[in-house]
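The values are calculated or read from the model by the stated rules, or taken from the named source; none is laboratory data. All figures in this text were calculated on a predicted structure; none of them were measured in a lab. So basically every Cβ, Gly included, is an ideal-geometry build from the backbone, and we count neighbours across all protein chains shown. Ligands, DNA and RNA are stripped out before the accessible areas are found, and what is left, the full protein with its side chains, is counted by its heavy atoms. Shrake-Rupley method; radii C 1.70, N 1.55, O 1.52, S 1.80 Å.
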Amino acid sequence: MSFVVDSVIMFSSQVLFFGFGWLFFMRQLFKDYEVRQYVVQMVFSVMFAFSCTMFELIIFEILGLLNSSSRYFHWKLNLYVTLVALIFIVPFYIGYFVVSNIRLLQRKRFLFACVVWLAFMYFFWKLGDPFPILSPKHGILSIEQLISRVGVIGVTLMALLSGFGAVNCPYTYMSYFLRNVTDSDILALERRLLQTMDMIVSKKKRIAMTRRMMHQHLSLIQQEVDALEELSRQLFLETVDLHATKERIEYSKTFQGKYFNFLGYFFSIYCVWKIFMATINIVFDRVGKTDPVTRGIEITVNYLGIQFDVKFWSQHISFILVGIIIVTSIRGLLITLTKFFYAISSNKSSNVIVLVLAQIMGMYFVSSVLLMRMSMPLEYRTIVTEVLGELQFNFYHRWFDVIFLVSALSSIVFLYLAHKQAPEKHMSF
């Protein structure tokens, strides 16, 4: 009877997660588009529901909610459904809608979609060759073989996003990196923009007049107009950038702005520490055996020499930490997906992009569970390890450190060049 009750609780929560994914799809991703393919909305919502359920099971594992056998069953069910969606369903529909957008292939789109899916399966399977993730004792379609490959892609995506976010967050929040923009700078640039627009209008009038007389200098004037229009676009973008910077300067003087400025300093320290630790882990081939909370409490207790129940408090603090990681991961990923969708979507590509985002989201959450295992106390890792199978967990942590370090250092160089170029660009105008 307890299994039935536990299953009702799990399926009820999945319905809630499905509804939230459905609303997010309608009110955020597709609020400017007409929904023509409900299968896309269904796939995205199902992927979101099962991804969130894995995080829910981690919290249930720490709190000891539900029967142990029930949790194990739902762990297996969620992983298998997620893997089937990631490897079979979503890639097939991505190929199907890509082919549907090509006129020459529309009549045989199902056949060509199958060809695209087979190509995906080939490269997905070959992905395991360069990495130490294979085991000869596991079957071809065993859960270990599938998770290991999904984990490589997902961990790579996580590390890239984490590396860029660790650098971009303090750069965005800290007022130290803001350019000193005054009202006179904005007025001067707006005046230059108006002068350029007047010159464009004047030259277009000359083009209209010379066309009547079949003047031979028509092409030369048209080239000048094209150059002025390009200049006007650059001036307009620079004007918008100056207005945004001025607003950020005013915002940084408010209480909330000062709070985010403090967060920027905190995250800059975290970024330096994370880069340092990633370097140490790579150089010395080191992977932690104890979760960070327990290790931190043990060091503090030994240093201060006080009596403290390390096991009891590490469980509670680990639960809070894991909860924060889960909430921030879901929130951060949804914000990133929304920005990415608005940046590149169109009427024809919107379905394909949503399915690609669903694929990224599923791989991201599976990899989050894989890496989050290290943040859990040892007694709570057992069932997660049993469900995920005999994977090379140390490899994924080292791989995360390598990609994180490359992403963070590349982001530092990119943001440094962008920040250095911005004032020079402003001065040139």
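For (1) of a type outside the set (D, E, K, R); (2) in contact with a helix residue (DSSP H, G or I) (Cβ under 6 Å, 6 or more places away or on another chain), each residue gets a yes or a no:
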residue	(1), (2)
M26	yes, no
F50	yes, yes
E61	no, yes
F88	yes, no
F92	yes, yes
R107	no, no
L111	yes, no
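Determine whether segment 44-64 contains at least one residue that is farther than 21 Å from S349 by Cβ, open to solvent by less than 80 Å² (accessible area, probe 1.4 Å) and outside any helix (DSSP H, G or I). Even if it seems obvious, please write down each step before you answer.
If we filter segment 44-64 for residues that are farther than 21 Å from S349 by Cβ, which is where we start, we get 46, 49-64.
Retained after the next criterion (residues that are open to solvent by less than 80 Å² (accessible area, probe 1.4 Å)): 46, 49-62, 64.
Restricting the remaining residues to those that are outside any helix (DSSP H, G or I) gives 64.
Taking every residue of segment 44-64 in turn, at least one turns out to be farther than 21 Å from S349 by Cβ, open to solvent by less than 80 Å² (accessible area, probe 1.4 Å) and outside any helix (DSSP H, G or I).
Output the number of residues of segment 172-196 satisfying the condition of being touching a Ser or Thr at 6+ places or on another chain (Cβ under 8 Å) and modelled with pLDDT under 80.
Quick first cut of segment 172-196, residues touching a Ser or Thr at 6+ places or on another chain (Cβ under 8 Å) only: 174-175, 178-179, 181, 186, 189-190, 193, 196.
Subset that is modelled with pLDDT under 80: 174-175, 178-179, 181, 186, 189-190, 193.
Total satisfying the criteria: 9.
Does S70 satisfy being assigned by the TED database to the domain that holds T385, among the hydroxyl-bearing types (S, T, Y), surrounded by fewer than 18 Cβ atoms within 10 Å (Cβ to Cβ) and more than 20 Å from the chain's Cα centre (by Cα)?
So S70 does not fit the description; no.
Can you say whether L111 is assigned by the TED database to the domain that holds N351, open to solvent by 70 Å² or more (accessible area, probe 1.4 Å) and in a helix (DSSP H, G or I), as far as the supplied structure shows? Spell out the reasoning first.
On the way: assigned by the TED database to the domain that holds N351: yes; open to solvent by 70 Å² or more (accessible area, probe 1.4 Å): yes; in a helix (DSSP H, G or I): yes.
Yes.
With respect to I94, determine if the residue is surrounded by 21 or more Cβ atoms within 10 Å (Cβ to Cβ), touching a residue at least 12 places away in the same chain (Cβ under 8 Å), in contact with a Gly (Cβ under 9 Å, 6 or more places away or on another chain) and of a type in the set (V, I, T).
So I94 does not fit the description; no.
Here is a list: V5, V99, V40. Which entry is assigned by the TED database to the domain that holds A358, loosely packed, with under 13 Cβ neighbours inside 10 Å, in contact with a Leu (Cβ under 9 Å, 6 or more places away or on another chain) and in a helix (DSSP H, G or I)?
V5
Might you check whether a residue that is aromatic (F, W, Y) and at pLDDT 85 or above occurs anywhere in segment 382-399?
Yes.
Scan segment 73-91 for residues that are open to solvent by 70 Å² or more (accessible area, probe 1.4 Å) and either closer than 15 Å to V384 by Cβ or among the hydroxyl-bearing types (S, T, Y) (or both) and jot them down.
Scanning segment 73-91 gives F73, Y80.
Restricting attention to segment 17-34, and to residues there that are surrounded by 13 or more Cβ atoms within 10 Å (Cβ to Cβ) and aliphatic (A, V, I, L, M), which single residue is modelled with the highest pLDDT?
Checked segment 17-34; the qualifying residue modelled with the highest pLDDT is M26.
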